[in-house]
Amino acid sequence: YFRSTALACGGASPSEVIMQDWNADGVRMVTNHGSLLYIAVVRDQSLAATHLLSLGDDPNYAHPEHGDGPILHAAEAGYDDCLSALLSSGCADPAAACTVDRKIFLGQGLPQY
């Protein structure tokens, strides 16, 4: 199912892809795969990312479980076309990109790996 989240830039609300399942013991398991833009960037789909950005998806989205976002993932993975689309959207804030573990974007702090 989809869960709406607030947008920092643009006019529409992005959605997160939430998978719900039950394990063998009957316990409900919920997995958050992130926003549609985040999924497009993780799969290096720059055309999809560009289209989602044109629809108002948030380039500053941070995954609720690990804090990773599309900008940080594109930079770390070397997905230049996706990173270019994100940074040229006019809404991206690369200085704010960090994970829950405080890994900072583009050498603004330590530790780096």
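The values are calculated or read from the model by the stated rules, or taken from the named source; none is laboratory data. Predicted model, so just to flag it, every value in this text is computed and none were measured. Only protein heavy atoms, including side chains, enter the accessible area calculation; ligands, DNA and RNA are left aside. Shrake-Rupley method; radii C 1.70, N 1.55, O 1.52, S 1.80 Å.
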Checklist entry - With 56, 11, 34 as the choices, which residue is on the phi > 0 side of the Ramachandran plot and either at pLDDT below 85 or of a type in the set (Asp, Glu) (or both)? => result 34
Item to check | Restricting the stretch 63-87 to residues that are under 23 Å from residue 32 (Cα atoms) and among the acidic types (Asp, Glu), the residue that is least open to solvent (accessible area, probe 1.4 Å) | outcome: 68
Item to check | Enumeration of residues in the stretch 39-62 that are among the small types (Gly, Ala, Ser), open to solvent by 20 Å² or more (accessible area, probe 1.4 Å) and within 11 Å of the chain's Cα centre (by Cα) | outcome: 62
Checklist entry - Hey, does the stretch 20-38 have a residue that's under 10 Å from the mean Cα position of the chain (by Cα) and open to solvent by 30 Å² or more (accessible area, probe 1.4 Å)? => result yes
